[in-house]
Amino acid sequence: MSSKRFQDLRVYQLAERLADEIWEIVDGWKQLAKDTLGKQIIRPADSIAANIAEGVGRGSYQDNRRFVKIARGSLNETQHWLRRDYYRKLLTAEQVNTLKQMINNLSPQLNAYLKSIGNIPDKK
């Protein structure tokens with residue numbers, strides 16, 4: 001398996017930027033919104049990069065692939081909360097467009113990264 005540091009992966013860096021952007025937005029919300037929907041969108045957004053890092057650290061192709069798939073699930077959950085937050089008028093159209101652009105870049109990068117890991121079975 002590659003010894004590349006997770007911090008050097010473009011997909012990881014983009015996931016971090018998405019999470020940081022969401023954090024900055026939520027930080028400006030009123031307390032009720034922060035405690036409810038804010039926490040709900042921050043958790044999966046933070047989880048995307050965390051799962052990429054954990055997958056790299058596991059040291060096997062199979063585990064790395066599994067954690068990238070979990071990261072994809074977290075990305076989808078982030079999209080769900082983005083929709084809820086917009087519907088409840090916590091996000092402006094401009095904020096949604098910015099976040100959607102980041103998500104639209106991150107999604108194919110996660111898929112490409114998953115494909116790059118390969119299907120080499122681990123030797124026991």
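Quick notes on this one:
- Cα-centre dipole for the chain with unit charges at Cβ (Lys and Arg positive, Asp and Glu negative), debye to 20: 480
- Read-out Kirkwood radius over Cα pairs in Å, derived from the coordinates shown; its label in [x] 15.0; [y] 15.4; [z] 16.3: [x]
- When a 1.4 Å probe is rolled over the protein heavy atoms, the share of accessible surface on region 36-78 that falls to carbon and sulfur comes to 44 percent.
- Full extension of the chain between W23 and A93 gives 23.5 nm of extra length, using 0.36 nm per residue less the Cα-Cα distance.
- Tilt relative to the chain, helix 61-87 - C-alpha long axis, 0 to 90 degrees, to 10: 10
- In the elastic network of the chain, a GNM with C-alpha springs shorter than 10 Å, the most mobile of R72, R17, R88 is R88.
- You can think of it this way: the chain between K34 and Q62 has 6.4 nm of extra reach, that is 0.36 nm per residue less the Cα-Cα gap.
- Farthest toward the positive end of the dipole of the chain, out of Q40, V26, G57, is the Cα of G57, where the dipole comes from beta carbon charges about the Cα centre.
- Normalised by the number of residues in the chain, the mean separation of alpha-carbon contacts (under 8 Å, six or more apart) gives a relative contact order of 30 percent.
- In this simple spin-label approximation, Q7 and N105 carry label points 7 Å from Cα along the Cα→Cβ vector, and these lie 2.1 nm apart.
- Rounded Å value of the spacing that divides the Cα centres of region 34-66 and region 69-99: 16
- Taking the helices alone, the chain has a mean residue ellipticity at 222 nm of -25500 deg cm²/dmol, built from -39,500 (n - 2.57) per DSSP H run of at least 4 residues and averaged over all its residues.
- In this structure the chain gives 62 Å² per residue of accessible area when probed at 1.4 Å with all protein chains present.
- Highest GNM mean-square fluctuation among I25, I52, I103, for the chain modelled with Cα contacts below 10 Å: I25.
- Non-local Lys pairs in the chain, i.e. 8 or more apart or on different chains, that have alpha carbons under 30 Å apart: 22
The values are calculated or read from the model by the stated rules, or taken from the named source; none is laboratory data. Since we're looking at a predicted model, the values are computed, not measured. Because the Cβ atoms are built from the backbone with ideal geometry, glycine has one as well, and the counts that use them run over all protein chains shown. Protein only, heavy atoms only, side chains kept; ligands, DNA and RNA dropped before computing areas. Shrake-Rupley method; radii C 1.70, N 1.55, O 1.52, S 1.80 Å.
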